[in-house]
Structure formats: C-alpha cells, structure tokens
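Take a look at the structure set out below.
The values are calculated or read from the model by the stated rules, or taken from the named source; none is laboratory data. Only a predicted model underlies this, so the values are computations on that prediction, with no experimental measurement involved. Positions of Cβ are backbone-derived with ideal geometry, glycine not excepted, and every protein chain shown enters the neighbour counts.
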Amino acid sequence: MVDITEISAMVAAAGVMMGVVYYILDIRHQARTRQTDLIMRLYSLFISREWVDAWEKVLNSAFDMTDWATYHKKHGSSDFNQVYLTFELLGVLLENKLISIYFLDRVAHDHVVLLWEKMKPMIEDARKLLGLRQLGVGTEFLYNEMKKREQKSVENS
C-alpha cells in the first residue's frame with residue numbers, strides 16, 4: 001500500500017517537473033519577445049528620415065564607389081558610414097545567430113545586395129589603403145548569406 005510519504009514525494013516531483021516546464025516555456029517566450037523588440041528597433045531605423053536620406057545620398061553616389069580616397073574626398077563618409085555600419089551590424093548579428101536570415105532577407109535583401117555589389121571594390125581598396133582587414137566583413141557575410149538563400153530559392157523553383 002502507498003503511504004503518505006510516497007504520495008508527497010510524487011507530488012513534489014510532479015511540482016518540480018511542472019516548474020521546469022513552465023521555466024523553459026517562459027525562457028522561450030522571453031527570447032521571442034527580445035527578438036521581436038530587436039526587429040522592431042531595426043525596422044524603425046530603416047524607416048527613419050535620417051537613415052532614408054543617408055541611403056538616398058549613398059545610392060546617388062554609388063557610381064563613384066571605385067576607390068576609397070576618391071569617394072571620401074568627393075562625398076565624405078558620414079552618410080556612407082551611417083548606411084554601411086547599419087549593414088555591418090546586421091551581418092554581425094546574423095553571424096552570431098542573434099537575428100534570422102529570413103527577416104533580414106525580407107526587409108533588406110535588395111538594399112544589401114545593391115550596396116555590397118557597388119561598394120565592394122571601394123571596401124577592398126580601403127582594406128589595403130587603411131590596413132583594416134576586418135573592414136566590411138559583416139556586410140560581406142550578410143551579402144553572401146543572402147545570395148545563398150537566393151540561390152536555394154532559385155533551385156527550389
């Protein structure tokens with residue numbers, strides 16, 4: 001026959017199990033909430049007047065993106081840095097699995113592909129000229145991941 005000690009041990013074990021399950025579900029919910037918050041903050045950046053103006057200026061200067069010195073002398077670096085560093089940050093977040101490629105591809109695919117393909121020669125020149133081997137690696141990673149996703153999409157069609 002089952003005595004009161006065995007029943008209380010089973011109830012305690014069940015309580016601990018329920019607590020663990022609740023804790024795991026709560027952690028998953030908090031992670032989704034944090035990721036949603038991050039996505040909303042990033043999206044608000046992309047629609048800010050300041051960023052859109054910088055993007056437009058960078059886009060209009062894209063034909064000058066052949067070498068760093070010429071571009072910097074003609075256009076300065078403020079608008080370029082605002083746009084470029086945004087994509088650099090997104091690449092680092094993606095590389096560290098803190099944001100999904102699905103979201104980034106949906107929101108910024110054309111922007112990233114267009115900018116990287118235009119600025120690649122200039123970034124490579126700046127790496128040599130300034131001795132900054134890591135310059136642009138986040139943006140390049142982001143671009144490569146987007147192109148992989150694009151290629152998979154084409155293969156699955």
| Among the residues of region 96-142, which ones are among the aliphatic types (A, V, I, L, M), farther than 22 Å from S77 by Cα and touching a residue at least 60 places away in the same chain (Cβ under 8 Å)? | L98, I99, V107
| Based on what the data block shows, is R133 in a loop (DSSP other than H, G, I, E, B) and of a type in the set (D, E, K, R)? | yes
| query | Say we look at region 43-71 and pick out the residues that are of a type in the set (S, T, N, Q) and without any contact (Cβ under 8 Å) to a residue 12 or more places away in the chain; which of these is farthest from E88 (Cα to Cα)? | reply | T70
| task | Please work out which residue is surrounded by the fewest Cβ atoms within 10 Å (Cβ to Cβ), limiting yourself to region 128-152 and to residues that are more than 22 Å from the chain's Cα centre (by Cα) and modelled with pLDDT of 90 or more. | result | G131
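Tell me the helices (runs of 4 or more DSSP H) entirely within region 25-120 that contain at least 2 residues that are within 18 Å of the chain's Cα centre (by Cα).
In region 25-120, 49-60, 78-95 are the helices (runs of 4 or more DSSP H) which contain 2 or more residues that are within 18 Å of the chain's Cα centre (by Cα).
Would region 98-118 turn up any residue that is of a type in the set (G, A, S), modelled with pLDDT of 90 or more and out of contact with any Gly (no Cβ under 6 Å at 6 or more places or on another chain)? Outline the logic, then answer.
So the first thing to find is which residues in region 98-118 are of a type in the set (G, A, S), and the list is 100, 108.
From what is left, the residues that are modelled with pLDDT of 90 or more are none.
For region 98-118, residues of a type in the set (G, A, S), modelled with pLDDT of 90 or more and out of contact with any Gly (no Cβ under 6 Å at 6 or more places or on another chain): absent.
Results for (1) of a type outside the set (D, E, K, R); (2) touching a His at 6+ places or on another chain (Cβ under 9 Å); (3) assigned by TED's automatic domain parsing to the domain that holds G136; (4) more than 22 Å from V112 (Cβ to Cβ), shown as yes or no for each residue.
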| residue | (1), (2), (3), (4) |
| --- | --- |
| I4 | yes, no, no, yes |
| V16 | yes, no, no, yes |
| S61 | yes, yes, yes, no |
| D67 | no, no, yes, no |
| I99 | yes, no, yes, no |
